[in-house]
Amino acid sequence: MPELPEVEVVRLGLAEHLVGREISFVDVFDARSLKRHLGGPQDFVDRLLRRTVVQVNRRGKYLWLSLDDGSSVVVHLGMSGQFRIFDQASSHRHLRIAFTLDNGQQVTFLDQRIFGGMFLDESDPPEAIAHIAFDPLDVQFDDEAFVARLLKKNIAIKRCLLDQSLISGIGNIYADEALWRARLHYDRPASGVSATKARELLGHAREVMADALAQGGTSFDALYVNVNGESGYFSRSLQAYGREGEPCERCGTAIRREAFMNRSSHFCPRCQRRR
């Protein structure tokens with residue numbers, strides 16, 4: 001599933017093409033991508049026509065288009081959602097929704113597995129995602145408040161990193177990478193970590209996501225691309241995730257993979273001993 005850097009890459013691409021543009025036409029090819037829009041497809045179309053996109057925003061893994069009437073279009077990419085932008089109308093077997101802009105460009109939402117989708121929210125920022133915490137790259141993120149809450153959690157520290165109500169945007173890949181950089185075992189109770197180490201971990205989470213963002217995100221297959229259809233290359237720089245059996249770049253010990261929360265955790269059993 002796309003994580004913060006991948007969603008931010010998409011946000012930047014959308015902002016470049018959508019901000020200041022009026023939506024001339026909306027085509028809904030698959031109503032399943034609007035399952036969270038209670039008014040149904042026609043209501044969605046009617047309320048977006050002739051609206052101007054003021055800004056493209058992100059909160060964790062959620063995107064939203066701010067419209068000129070104070071409402072917003074909330075988007076979640078799910079596991080396979082993509083936005084592609086073309087200079088003219090296009091077709092694709094996974095095309096679910098398309099916006100035609102006043103300059104003739106078409107913004108298409110493709111979703112092979114249909115786990116993603118969008119809906120209209122009356123407010124901006126949208127009330128529907130008010131429960132999602134700020135992410136580490138957001139200027140409003142409060143480091144000390146996060147550290148204080150983290151140290152009260154008597155659960156696995158990786159579980160805390162994946163808790164979107166505590167800190168958003170960090171998924172399985174970047175949690176493993178940040179923990180590797182901080183030399184912390186994924187199952188270590190957060191309450192057993194010092195405040196200094198917690199701040200260090202937060203710093204590593206920021207670093208790894210900034211590094212991924214600079215390389216266009218992490219692509220393992222064709223399901224994640226930017227709005228121009230290009231893949232990200234951070235997968236070539238991963239030091240823990242997906243490297244089971246390969247030598248740790250610090251100590252040479254084979255990276256291990258273990259099941260965790262219906263996912264996999266990748267770690268170095270020597271550098272990241274569970275204490």
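Values as computed for the structure displayed
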item	result
Percentage, to the nearest whole number, of Cα pairs in the stretch 1-158 over 18 Å apart	60 percent
Net charge of Cβ neighbours under 10 Å - reference N57; Lys, Arg +1; Asp, Glu -1	+2
Cα-based radius of gyration of the stretch 109-180 once divided by 2.2 N^0.38 Å, which approximates compact folds	1.32
Calculated diffusion of the chain, Stokes-Einstein form, Kirkwood radius summed over Cα pairs, 20 °C and 1.002 mPa s, µm²/s	109 µm²/s
Separation in nanometres of the label points that stand 7 Å from Cα toward Cβ, at R36 and L12	2.4 nm
Relative packing of peptides 106-117, 132-143, 251-262 - highest average C-beta neighbours within 10 Å first	106-117, 132-143, 251-262
Where the chain is the region considered: accessible area per residue in Å², 1.4 Å probe	45 Å²
Label zone at T52 (point 7 Å along Cα-to-Cβ), backbone N below 18 Å, the stretch 5-45	15-25
Per-selection Rg to Rh, the stretch 142-213 - Cα, Kirkwood hydrodynamic radius	0.91
Label point distance in nm, S237-R21, each placed 7 Å from Cα along Cα→Cβ	2.9 nm
Spin-label model distance (nm) - D68 vs I114, 7 Å beyond Cα toward Cβ	3.4 nm
Centroid-to-centroid separation of the stretch 147-179 and the stretch 68-101 [C-alpha atoms, Å]	31 Å
Heavy-atom accessible surface of the chain: percent carbon and sulfur, 1.4 Å	46 percent
Summed side-chain charge close to G116 - residues other than G116 whose Cβ falls under 13 Å, Lys, Arg +1, Asp, Glu -1	+3
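The values are calculated or read from the model by the stated rules, or taken from the named source; none is laboratory data. Only a predicted model underlies this, so the values are computations on that prediction, with no experimental measurement involved. Counting neighbours? That spans all protein chains shown, and the Cβs are built from the backbone with ideal geometry, glycine included. The area values use the complete protein model at the heavy-atom level, side chains included, leaving out ligands, DNA and RNA. Shrake-Rupley method; radii C 1.70, N 1.55, O 1.52, S 1.80 Å.
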